[in-house]
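The values are calculated or read from the model by the stated rules, or taken from the named source; none is laboratory data. In this text the structure is predicted, and so the values were computed from the model without any measurement. Note that we place each Cβ from the backbone using ideal geometry, even for glycine, and neighbour counts take in every protein chain shown.
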């Protein structure tokens, strides 16, 4: 992993020490992250927004275990020194870099770099899929319920985006929702996945777009690698999907079937993302809308 000066590696034993100053770092559907300035550098403390004490403890312990497993197995893809603080808050050393999503939204990632990053991310999907999830040391969720959970909330998201998406886009989404779905993956196609490998979680050095690491391992599971391909298709563009699939080296099964599932996932995710941006990140609405229109073949 080149291009970014990294903090020393660790194995989850150290925790932040210093003045305890903290600033907001980021927020998603389920968690909020804070940057804490310690005597030995910057750390992230991640807090669940709505969860029972039991759910919070299990989630934090599992994510810390996943990050340590990935770091042991694949190097610096996951942040160093992941551990759990009293109160069941996950902490780890902050990865220096910016979210690739921010640069894509500004149009600051040239085509050649998108293609390079597609291969790089695809290789991570493939490398994770070849790991034995038992190495995490605690059970991971298994996502084998097929397409129904993915389509369950589509109507709600569609209603949320209707004011900005336009009639043609809404009609295209409705036609997609009522049309045939690709065959669901077999149990043999499922593998260990980050399970939320979007550009918002890939951090890069803004100077040379070298990958610094991947954050937010909360949703790690035994799941369909085609879902990750769908996120990368959504973010990096249809013209580099073949690069993603090449990097995956067969993860998820037959590449043609993976590509079909990836397109379905990308289109579903684009609707959800626009709905989320409208509610929580209005600055991203133009980017998310453009992504949706491109994926559904609707002219803006």
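Going by the conditions given, is residue 271 surrounded by 21 or more Cβ atoms within 10 Å (Cβ to Cβ), at pLDDT 95 or above, in contact with a helix residue (DSSP H, G or I) (Cβ under 9 Å, 6 or more places away or on another chain) and in the same structural domain as residue 175 (by TED's automatic domain parsing)?
Spelling it out, residue 271 is indeed surrounded by 21 or more Cβ atoms within 10 Å (Cβ to Cβ), at pLDDT 95 or above, in contact with a helix residue (DSSP H, G or I) (Cβ under 9 Å, 6 or more places away or on another chain) and in the same structural domain as residue 175 (by TED's automatic domain parsing).
Can you pull out every residue in the range 128-166 that is touching a residue at least 12 places away in the same chain (Cβ under 8 Å), under 18 Å from residue 189 (Cα atoms) and surrounded by fewer than 13 Cβ atoms within 10 Å (Cβ to Cβ)?
Residues satisfying the conditions are 132, 141, 142.
Collect the residues in the range 167-180 that are touching a helix residue (DSSP H, G or I) at 6+ places or on another chain (Cβ under 8 Å) and surrounded by 15 or more Cβ atoms within 10 Å (Cβ to Cβ), keeping them in residue-number order.
Within the range 167-180, 169, 170, 173, 176, 177 meet the criteria.
Return the residues of the range 70-87 that are touching a strand residue (DSSP E or B) at 6+ places or on another chain (Cβ under 9 Å) and either under 17 Å from residue 215 (Cβ atoms) or modelled with pLDDT of 90 or more (or both); say none if nothing qualifies.
70, 76, 77, 78, 79, 80, 81, 82, 83, 84, 85
Taking the range 279-300, which residues are touching a helix residue (DSSP H, G or I) at 6+ places or on another chain (Cβ under 8 Å), at negative phi and not in a helix (DSSP H, G or I)?
Within the range 279-300, 296, 298, 299, 300 meet the criteria.
Between 47, 17, which is over 16 Å from residue 201 (Cα atoms), under 18 Å from the mean Cα position of the chain (by Cα) and either assigned by TED's automatic domain parsing to the domain that holds residue 219 or at pLDDT below 95 (or both)?
Within the list 47, 17, the selection yields 47.
If residue 244 satisfies every condition in (1) under 11 Å from residue 125 (Cβ atoms); (2) surrounded by fewer than 24 Cβ atoms within 10 Å (Cβ to Cβ) but one, which is the exception?
(2)
Out of the residues in the range 212-230 that are out of contact with any helix residue (DSSP H, G or I) (no Cβ under 6 Å at 6 or more places or on another chain) and within 15 Å of residue 126 (Cβ to Cβ), which is surrounded by the most Cβ atoms within 10 Å (Cβ to Cβ)?
224
Scan the range 32-57 residue by residue and report those that are touching a strand residue (DSSP E or B) at 6+ places or on another chain (Cβ under 9 Å) and either within 27 Å of residue 123 (Cβ to Cβ) or part of a helix (DSSP H, G or I) (or both).
33, 44, 46, 55, 56, 57
Test each condition in (1) more than 26 Å from residue 234 (Cα to Cα); (2) out of contact with any strand residue (DSSP E or B) (no Cβ under 7 Å at 6 or more places or on another chain) for residue 60 and report the one that comes out false.
(2)
Suppose we filter 246, 254, 239 for residues that are free of Cβ contacts under 8 Å to residues at least 12 places away in the same chain and over 28 Å from residue 82 (Cα atoms); which single one remains?
That would be 254, the only listed residue that is free of Cβ contacts under 8 Å to residues at least 12 places away in the same chain and over 28 Å from residue 82 (Cα atoms).
Residue under question is residue 262, and the condition is that it be touching a residue at least 12 places away in the same chain (Cβ under 8 Å), touching a helix residue (DSSP H, G or I) at 6+ places or on another chain (Cβ under 6 Å), part of a loop (DSSP other than H, G, I, E, B) and within 17 Å of residue 124 (Cβ to Cβ); does it hold?
The answer is no for residue 262.
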